[in-house]
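Q: Have a look at this one.
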Amino acid sequence: MATSAPHALRTPFLRNPSLSLSSKPTLSSVFPVSLSSRRRASPRLVVVLSAARLDAKPTVLVAEKLGEAGLDLLKEFANVDCSYNLSPEELCTKISLCDALIVRSGTKVSREVFESSGGRLKVVGRAGVGIDNVDLGAATEFGCLVVNAPTANTVAAAEHGIALLTAMARNVAQADASVKAGKWQRNKYVGVSLVGKTLAVMGFGKVGSEVARRAKGLGMHVIAHDPYAPADRARAIGVELVSFDEALASADFISLHMPLTPATSKVLNDETFAKMKKGVRIVNVARGGVIDEDALVRALDGGIVAQAALDVFTVEPPPQGNTLVLHERVTATPHLGASTMEAQEGVAVEIAEAVVGALKGELAATAVNAPMVPAEVLTELKPYVVLAEKLGRLAVQLVAGGSGVKTVKVSYASARAPDDLDTRLLRAMITKGLIEPISDVFVNLVNADFTAKQRGLRITEERTVLDGSPESPLDSIQVQIANVESKFASAISESGEITVEGRVKDGVPHLTKVGSFEVDVSLEGSIILCRQVDQPGMIGQVGSILGEENVNVSFMSVGRIAPRKQAVMAIGVDDQPSKSSLKRIGDVPAIEEFVFLKL
Ligand SMILES: NC(=O)c1ccc[n+]([C@@H]2O[C@H](COP(=O)([O-])OP(=O)(O)OC[C@H]3O[C@@H](n4cnc5c(N)ncnc54)[C@H](O)[C@@H]3O)[C@@H](O)[C@H]2O)c1
Ligand SMILES: O=C(O)[C@H](O)COP(=O)(O)O
């Protein structure tokens, strides 16, 4: 067995030395078109841009206000056209004359923009974090790189969260409006104190941890809920990580800092408001969509929520006359989290450097769309790429809340010589699978290592060199997460890690091992894993519960230690079973534990 050092310290297994990450790769070598391209039947390498091919200075269209330092950097390299408040039609007309476009959250970079560019637009720079205003699929399809600036506005967003927290507690906005209206209502605007109160930070990432740090300075008792945050980071700030329900039940103030993902969409809703302390106060500088806004109005009117301070809304700007915005106990700001002079200068420099680097043909660490590898490597690796991402997704979903994922070991078993297998794409896809279910970050070949490092995620790779034919690039991939608890105890292998292993069979990725149990289930749809006492009739019992709900079972496999001893049953399902069906499965007496995993 050849054991390697952590990926950051070693030379990746490369077939094509020109792709080495240690020699600065260029866009033309690593930014081919997306696999999902609708216009091309087979993947192929696309030359996005290389500096040598630029005959004249490139043109950068800056469509929203950008800090001077960033503009100066751009001007050293390109012609800069600052045209703000363009209508969608005007943007489409201008774009055919531009090589790069820089926007904030106020400009929609739609498919039409890419279509109208006639292939000239090479880079879109988002001066900020969220890229929900950029059609990433279209960007990739048109061979256009999208880069963002993920770190420069963290402090500004945290400071705005604290500003809203304190302003809300002391009715600053309402009292200001009242004084300006000629009133002097000292009794009406008596506030509440922060010292000694419990603040629950929901989402303990970059912004959340900065908010926590500051709230501690205000004398608050800070707890946090983040199923994926490492406990030692929380401990270092003096913050206790708690469950979602505990956070809701014990908080006097709740501050939201999680990304908008399917799991966090409307996470504050009628049901969850009902679990909160009466009189709770809520701050949101994350994304409007994490709150069910109608439910918030009901919770305000029903006396559950005393006040809310909101910087972000489901629709921005919110429609005129919006009940939530007009509510007397709501403080609203127009998405100002990132809007400080300092943050905008920082973001401007971060995005200008990324755009100029990309125009020069360098690899961008903050690229957010989908670069691929050369066609021949891609064709061969394609099913393993799918397998890698799915194993990452499965492994992270097996982690118990509060565990914090920090150490991941990936083992590749292959008959190929180590330097004849490029694992960067596989590692990137495993990273993607590990991170994307728990964040709104896009992970790809370019930004995977950067993103993992930023999150304190250490991924080590190991090779097992097999005898036999090197015809197929890989025999199996194993993903192990160390130092965590699992919500499915049988997923922990004898060596103590959450372990999932997979192979490609007839071009289809299969899950072949969970913990110490051998299984065989094709990685399509979703999976239910059950640990049971091995006995006749189990497959039938679970199958009929699913059948009653018309959930199609695509695959079933049982891995057991010995006949009539413990076994793990893996069931592939095409649709998501209802909560009641899952409960019924859990209630089958011989089933000791089970978990439902989305692929
Ligand atoms: N208002 C603004 O102007 C502004 C500015 C910057 C960022 N933001 C928003 O703030 C949010 C946080 O940004 P960040 O830079 O700190 O991101 P981040 O990725 O550093 O942190 C997000 C954290 O949320 C956690 N998380 C994921 N799913 C969760 C869940 N279900 N429950 C609890 N936690 C969960 C992740 O583990 C991560 O630690 C994002 O939504 C971002 O778009 C808004
Ligand atoms: O995603 C972000 O960076 C913030 O929400 C800020 O957006 P803005 O650049 O429009 O201020």
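Q: Only one residue in 128, 106 is open to solvent by less than 10 Å² (accessible area, probe 1.4 Å), within 16 Å of ligand 1 (Cβ to nearest atom) and outside the structural domain of residue 443 (by the TED database), so which one is that?
A: Being open to solvent by less than 10 Å² (accessible area, probe 1.4 Å), within 16 Å of ligand 1 (Cβ to nearest atom) and outside the structural domain of residue 443 (by the TED database) holds for just one of 128, 106, which is 128.
Q: Filter the range 286-303 down to the residues that are closer than 13 Å to residue 324 by Cα and of a type in the set (A, V, I, L, M), then identify the one that is nearest to the chain's Cα centre (by Cα).
A: 291
Q: Quick one: what pairs do we get from the range 217-239, first residue within 14 Å of ligand 1 (Cβ to nearest atom), second aromatic (Phe, Trp, Tyr), C-beta under 6 Å, 6+ apart or different chains?
A: Going by the 6 Å Cβ cut-off, the qualifying pairs are 224/204; 225/244; 226/204; 229/204.
Q: Does the range 305-315 include one or more residues that are within 15 Å of ligand 1 (Cβ to nearest atom) and of a type in the set (Phe, Trp, Tyr)?
A: yes
Q: Go through (1) within 16 Å of ligand 2 (Cβ to nearest atom); (2) at pLDDT 95 or above; (3) charged (D, E, K, R) for residue 206 and report which single condition fails.
A: (2)
Q: Can I ask one more? Considering only residues that are near ligand 1 (Cβ under 9 Å from one of its atoms) and within 18 Å of residue 436 (Cα to Cα), look in the range 240-264 and name the one that is surrounded by the fewest Cβ atoms within 10 Å (Cβ to Cβ).
A: The residue in question is 263.
Q: Do the conditions hold for residue 485, that is, is it over 26 Å from the mean Cα position of the chain (by Cα) and farther than 14 Å from residue 386 by Cα?
A: Criteria not met by residue 485.
Q: Next up: Among the residues of the range 212-229, is any of a type in the set (A, V, I, L, M), at pLDDT below 95, open to solvent by less than 40 Å² (accessible area, probe 1.4 Å) and more than 16 Å from ligand 2 (Cβ to nearest atom)?
A: yes
Q: Filter the range 278-289 down to residues that are touching a strand residue (DSSP E or B) at 6+ places or on another chain (Cβ under 9 Å) and either farther than 15 Å from residue 164 by Cβ or in contact (Cβ under 8 Å) with a residue 60 or more places away in the chain (or both), then give me how many there are.
A: Selection size over the range 278-289: 7.
Q: For residue 159, work out the one condition from (1) within 13 Å of ligand 1 (Cβ to nearest atom); (2) open to solvent by less than 50 Å² (accessible area, probe 1.4 Å) it doesn't fulfil.
A: (2)
Q: Which of the residues that make up the range 508-541 are hydrophobic (A, V, I, L, M, F, W, C) and at pLDDT 85 or above?
A: 508, 511, 514, 517, 519, 521, 523, 527, 528, 529, 530 - these are the residues of the range 508-541 that are hydrophobic (A, V, I, L, M, F, W, C) and at pLDDT 85 or above.
Q: Just checking: which of the strands (runs of 3 or more DSSP E) contained wholly in the range 412-507 hold 1 or more residues that are in contact with a Leu (Cβ under 7 Å, 6 or more places away or on another chain) and over 30 Å from residue 139 (Cβ atoms)?
A: It comes to 498-505.
Q: Right, next: Within the range 82-97, restricting attention to residues that are open to solvent by 60 Å² or more (accessible area, probe 1.4 Å) and assigned to a loop (DSSP other than H, G, I, E, B), which residue is farthest from residue 65 (Cα to Cα)?
A: Restricting to residues being open to solvent by 60 Å² or more (accessible area, probe 1.4 Å) and assigned to a loop (DSSP other than H, G, I, E, B), the top hit is 97.
Q: Could you list, in sequence order, the residues of the range 430-469 that are more than 16 Å from residue 409 (Cβ to Cβ) and in contact with an Asp or Glu (Cβ under 7 Å, 6 or more places away or on another chain)?
A: Those that are more than 16 Å from residue 409 (Cβ to Cβ) and in contact with an Asp or Glu (Cβ under 7 Å, 6 or more places away or on another chain): 432, 443, 466.
Q: Determine which member of the set 283, 267 is modelled with pLDDT of 95 or more, under 25 Å from the mean Cα position of the chain (by Cα) and open to solvent by less than 10 Å² (accessible area, probe 1.4 Å).
A: 283
Q: Which condition does residue 512 not pass, out of (1) free of Cβ contacts under 8 Å to residues at least 40 places away in the same chain; (2) surrounded by 14 or more Cβ atoms within 10 Å (Cβ to Cβ); (3) in a helix (DSSP H, G or I), if it passes all the others?
A: Condition not satisfied by residue 512: (3).
Q: Taking the residues in the range 203-216 that are over 15 Å from residue 337 (Cα atoms) and aliphatic (A, V, I, L, M) as candidates, determine which candidate is farthest from ligand 1 (Cβ to nearest atom).
A: 215
Q: Filter the range 273-317 down to the residues that are of a type in the set (D, E, K, R) and not in a loop (DSSP other than H, G, I, E, B) and list them by number.
A: 281, 293, 294, 298, 301, listed by residue number.
Q: Let me ask another. I'd like the residue in the range 162-187 that is basic (Lys, Arg) and free of Cβ contacts under 8 Å to residues at least 12 places away in the same chain and, out of all such residues, is least open to solvent (accessible area, probe 1.4 Å).
A: 183
Q: List the number of the failed condition for residue 521; all other conditions in (1) within 28 Å of residue 428 (Cβ to Cβ); (2) touching a helix residue (DSSP H, G or I) at 6+ places or on another chain (Cβ under 9 Å) hold.
A: Looking at each condition in turn, residue 521 falls short on (2).
Q: Now for a different question. Which of the residues that make up the range 135-151 are within 16 Å of ligand 2 (Cβ to nearest atom), surrounded by fewer than 23 Cβ atoms within 10 Å (Cβ to Cβ) and of a type in the set (A, V, I, L, M)?
A: Scanning the range 135-151 gives a single hit, 136.
Q: Give all pairs with beta carbons closer than 8 Å in which a residue from the range 436-461 that is within 16 Å of ligand 2 (Cβ to nearest atom) and open to solvent by 20 Å² or more (accessible area, probe 1.4 Å) meets a residue that is at pLDDT 90 or above and not in a loop (DSSP other than H, G, I, E, B); count only pairs at least 6 apart in sequence or on separate chains.
A: Close Cβ pairs (under 8 Å, with a partner that is at pLDDT 90 or above and not in a loop (DSSP other than H, G, I, E, B)) amount to 441/435.
Q: It is to be established whether one or more residues within the range 78-92 are under 23 Å from residue 350 (Cβ atoms), within 14 Å of ligand 2 (Cβ to nearest atom) and modelled with pLDDT of 95 or more.
A: Checking the range 78-92: at least one residue is under 23 Å from residue 350 (Cβ atoms), within 14 Å of ligand 2 (Cβ to nearest atom) and modelled with pLDDT of 95 or more.
Q: Here's another thing I want to ask about it. Name the single residue, out of those in the range 94-134 being at pLDDT below 90 and in contact with a helix residue (DSSP H, G or I) (Cβ under 9 Å, 6 or more places away or on another chain), that is farthest from ligand 2 (Cβ to nearest atom).
A: 122
Q: Identify the residue in the range 330-347 that is open to solvent by less than 20 Å² (accessible area, probe 1.4 Å) and under 23 Å from the mean Cα position of the chain (by Cα) and, among all such residues, is nearest to ligand 1 (Cβ to nearest atom).
A: 337
The values are calculated or read from the model by the stated rules, or taken from the named source; none is laboratory data. Note that the structure is a prediction, hence the values are computed from the model and not measured. Positions of Cβ are backbone-derived with ideal geometry, glycine not excepted, and every protein chain shown enters the neighbour counts. Note: areas computed on protein heavy atoms with side chains; ligands, DNA, RNA excluded. Shrake-Rupley method; radii C 1.70, N 1.55, O 1.52, S 1.80 Å.
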